Amino acid sequence: MTEENQPEAGAHSQQSRESKASPEQGGKPREKTLQELQKEIEEDLHTKERYRAYLSQYNSDGKSLIEYLARMKADFILNGKRRQEREESEVMGLRNRAGSSIWNIQQRKLFELQCKWRAGAINLPEVETTYDFEYWSDLIQRCPFIPPITQEEYHLYHDYILSEVTTSTKSISGSGRLTSY
């Protein structure tokens, strides 16, 4: 597509927010509806030479393509920012959940140490009673006697999370504790 055939960026974004003031809204401009904006964009696509030249390469009159492009552009102009904010919020939620879930590796290590401690196989200076394991479970990120997560453990956990077991049953909670083995 040549430069003269390219649509103007944001040509309708400013216009979409501007319209005649209505008395019910205290003289404030009202936002155009999706249909109004779509019709305006379709008209642009039908009448401006640079668009017609581009669309002429298609066998049909391009009507369905024009309707589709106009609908998508109008929707983006009116709802794009809200959709982007929602998507960013979802990504942050997933990042936070992933950050919490990674501590499941340490919870597993603490559980294994607890089994060994109860069997009398090891002595942990920080642990006097079984209640101490609950304490460290709640403060897993600060537990001094568990070694840091290794790359191997991380990759193993990563593969597990992406496995069929977890994607079909959703067995991992975001609480930082392993809820299913």
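Values computed for the structure shown
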read-out: Only listed residue being at pLDDT below 85 and in contact with a Phe, Trp or Tyr (Cβ under 7 Å, 6 or more places away or on another chain), chosen from N59, N96, N5; value: N5
read-out: From the options K48, K116, K39, residue that is at pLDDT 90 or above and either among the hydroxyl-bearing types (S, T, Y) or over 30 Å from E134 (Cα atoms) (or both); value: K39
read-out: Among residues of segment 156-171, those that are farther than 18 Å from Q107 by Cβ and either at pLDDT 90 or above or aromatic (F, W, Y) (or both), counted; value: 0
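The values are calculated or read from the model by the stated rules, or taken from the named source; none is laboratory data. As the structure is a prediction and not an experimental result, all values here were calculated from the model. Neighbour counts are summed over all protein chains in view; Cβ atoms, including those assigned to glycine, are modelled from backbone coordinates with ideal geometry.
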